[in-house]
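The values are calculated or read from the model by the stated rules, or taken from the named source; none is laboratory data. Given the structure is predicted, the values throughout are model-derived calculations rather than measurements. Here Cβ is always computed from backbone atoms with ideal geometry, including for glycine, and neighbour counts include all displayed protein chains.
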Amino acid sequence: MFFERNKQDETKRTLPSFNRPFKKVQKVLIMTLMLAGLGINSVVANEDENAALSTIFHIYSKGEYVGVISDEEKLEKLKKEELQKAASEFENLPLTIGTDLSVIPERVFTAETDDSIVFEKLHEMLSVEAEAIGVSIDGELAFYVNDMATYDEVIRKLKLQSVTEKELNEFEARTASSETVPPLKVDETRIANILISGEIQAVPGKTAPEKVRNAKEAMTLLNKGTLEEKKYVVSSGDVLGSIAVTHNMATAKLLELNPGFTENTILRLGDELNVTAIEPYVEVEVHYETKKKETIKYAKLSEEDNSLYKGEKKVTQKGSDGEKIVTALIRKMDGQQIGSSISDEKIIAEPVNKVTIVGTKVMPSRGSGTFIWPASGGYVSSQMGTRWGRTHQGIDIARPSSYEIVAADNGVVTTAGRHSTYGNHVVITHNNGYETLYAHLSSIDVSVGQTVPQGTKIGVMGSTGRSTGVHLHFEVFKNGSNIDPMSFFR
């Protein structure tokens with residue numbers, strides 16, 4: 001019995017070791033079936049929950065919360081309406097919504113939105129921008145134009161204010177060509193370069209449609225710095241100075257802006273004055289290269305010669321101009337020349353200098369007291385004395401062999417000109433108490449202050465003044481009184 005009980009106990013202890021794997025499999029199957037049942041129930045539950053959820057849309061602008069709406073399509077419709085409204089006013093401009101909006105969707109069980117309030121805010125917030133071309137000058141954005149075609153048109157018109165269309169076309173064709181530029185011909189001028197003051201560039205960007213300028217407005221801005229010139233209407237008590245001070249400018253600048261006015265202009269009530277100082281954004285500088293034949297003027301040289309009397313001259317070499325070919329660069333700003341420089345110069349004919357011998361011999365200015373006959377022969381046609389009821393103060397010499405008149409003695413010319421009675425006449429002071437007068441000359445060859453030695457030609461016999469024919473009226477004075485010239489020739 002004992003043995004059998006033990007054997008039964010032993011059997012009880014060993015049997016579980018054979019049945020344990022089978023029980024584990026049973027547990028796994030049961031757990032799997034239970035989990036599968038739970039999964040089916042979870043899917044059904046999620047589907048029921050999703051059916052109950054709604055989508056709302058949170059709107060943000062630049063990080064600031066605007067509100068929540070129920071329908072994103074309404075937002076897109078509002079954007080479209082704003083764009084259509086702007087497009088009707090600004091044709092041919094590519095427009096976009098400029099307001100930065102962020103839309104964040106959210107799934108909720110209860111959709112609580114405030115569409116009317118949010119859309120009213122959005123209507124006020126939404127801005128329309130135009131895709132345009134910004135005109136940048138020296139790195140600063142000055143204004144916008146429609147597109148690149150307008151920008152190119154403006155730049156071309158800007159250049160055409162300083163050059164002709166033909167010149168610009170030729171310059172553009174030449175710079176665009178890969179061929180070597182031919183050398184300049186004589187008397188040819190062409191554009192070497194066209195520069196716009198300041199670095200001007202086209203910059204794509206966006207701006208309010210009303211700020212986009214057409215070509216005409218852009219040109220006005222570039223030339224004047226403003227689209228509208230401010231006018232001032234003259235009122236009681238106004239003067240130019242006070243108007244200038246009021247508008248922070250000098251009176252000279254105010255007059256420059258108003259060409260019809262001067263410092264002496266009397267202002268009237270109601271007169272309009274321009275008080276906008278024009279400050280162009282840019283100016284155009286054009287460089288021209290030119291090739292011309294130029295004259296080299298001959299120099300006038302003088303050499304002293306003590307064998308000639310002082311005041312006498314003799315040309316020993318006639319002068320003649322030379323020629324040269326000059327290539328120069330000429331700079332013009334807004335049509336006005338502001339500078340030039342010579343890039344090449346070639347002489348093709350040297351000039352010949354004019355050489356004049358100048359006398360240095362001092363001529364005596366004091367008379368010897370002995371007079372020579374002042375004409376080339378001839379005879380005394382009228383003596384000194386009473387004639388025709390009046391006193392004849394000198395002698396008349398007529399019918400000479402030549403009409404040359406000479407100084408009767410050394411002296412200095414004190415008078416050389418025209419007189420109502422004497423006509424062309426000369427007076428010589430001999431610095432020894434004597435003076436001589438030569439009248440009715442057809443021409444005079446000396447000048448006041450000139451020292452003349454005895455026998456120097458002083459003029460040509462004629463019939464000027466109160467005269468009845470060609471002759472020389474000759475007078476002699478001593479210490480201021482007339483004396484008979486014939487006393488020196490008997």
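Does Asn214 satisfy the condition of being closer than 29 Å to Glu285 by Cα and crowded, with 16+ Cβ neighbours inside 10 Å? Answer is no for this residue.
For the range 304-317, a residue qualifies if it is assigned to a strand (DSSP E or B) and either outside the structural domain of Ala349 (by TED's automatic domain parsing) or not β-branched (Val, Ile, Thr) (or both), and the qualifying residues are Glu304, Asp305, Asn306, Ser307, Leu308, Tyr309, Lys313, Lys314, Gln317. Tallying residues that are surrounded by 12 or more Cβ atoms within 10 Å (Cβ to Cβ) and under 60 Å from the mean Cα position of the chain (by Cα) within the range 102-114 yields 2. In summary, Phe371 fulfils each of the numbered conditions (1) in a strand (DSSP E or B); (2) more than 30 Å from Glu294 (Cα to Cα) with the single exception of condition (1).
Among the residues of this structure, Leu301 counts as one that is surrounded by fewer than 16 Cβ atoms within 10 Å (Cβ to Cβ) and either assigned to a strand (DSSP E or B) or without any contact (Cβ under 8 Å) to a residue 24 or more places away in the chain (or both).
Within the range 115-124, the presence of at least one residue that is loosely packed, with under 11 Cβ neighbours inside 10 Å and over 14 Å from Phe57 (Cβ atoms) is confirmed.
Of the residues screened, Lys332 is one that is of a type in the set (D, E, K, R) and under 30 Å from Leu158 (Cα atoms). Is it the case that some residue within the range 145-166 is part of a strand (DSSP E or B) and crowded, with 16+ Cβ neighbours inside 10 Å? Checked against the condition, which is being part of a strand (DSSP E or B) and crowded, with 16+ Cβ neighbours inside 10 Å, the range 145-166 yields at least one hit. The single condition from (1) in a loop (DSSP other than H, G, I, E, B); (2) free of Cβ contacts under 8 Å to residues at least 24 places away in the same chain that Thr386 fails is (1). Tallying residues that are of a type in the set (Asp, Glu), closer than 30 Å to Gly134 by Cβ and surrounded by 15 or more Cβ atoms within 10 Å (Cβ to Cβ) within the range 221-246 yields 0.
Here Glu435 meets the list (1) more than 26 Å from Tyr309 (Cβ to Cβ); (2) touching a Phe, Trp or Tyr at 6+ places or on another chain (Cβ under 6 Å) almost entirely, failing just condition (1).
Here the condition is being within 26 Å of Arg331 (Cβ to Cβ) and touching a strand residue (DSSP E or B) at 6+ places or on another chain (Cβ under 8 Å); of Gly205, Gly198, Gly225, it holds for Gly198 alone.
Residues that are assigned to a helix (DSSP H, G or I), touching a helix residue (DSSP H, G or I) at 6+ places or on another chain (Cβ under 9 Å) and in contact (Cβ under 8 Å) with a residue 60 or more places away in the chain within the range 102-136 comprise just one, Leu122. If you filter the range 115-138 down to residues that are among the β-branched types (Val, Ile, Thr) and over 18 Å from Glu64 (Cα atoms), you find that the one that is nearest to the chain's Cα centre (by Cα) is Ile137. Of the listed requirements (1) surrounded by 14 or more Cβ atoms within 10 Å (Cβ to Cβ); (2) free of Cβ contacts under 8 Å to residues at least 60 places away in the same chain; (3) part of a loop (DSSP other than H, G, I, E, B), Ala87 misses just one: (3).
Only one entry in Val470, Val476, Val448, Val427 is of a type in the set (Val, Ile, Thr), at negative phi and in contact with a helix residue (DSSP H, G or I) (Cβ under 7 Å, 6 or more places away or on another chain), namely Val476.
Yes or no: Val358 over 18 Å from Phe474 (Cα atoms), in a strand (DSSP E or B) and in contact (Cβ under 8 Å) with a residue 12 or more places away in the chain? Yes. Phe171 is checked against (1) of a type outside the set (Ser, Thr, Tyr); (2) touching a residue at least 24 places away in the same chain (Cβ under 8 Å); (3) farther than 27 Å from Gly205 by Cα and fails just one. What number does that condition carry? Condition not satisfied by Phe171: (2). Listed by first and then second residue, the pairs linking a residue in the range 276-294 that is within 30 Å of Asn258 (Cβ to Cβ) to a residue that is part of a loop (DSSP other than H, G, I, E, B) and among the aliphatic types (A, V, I, L, M), with Cβ atoms under 9 Å apart and 6 or more places separating them unless they lie on different chains, are Ala277/Met249; Val284/Val163; Val286/Val163.
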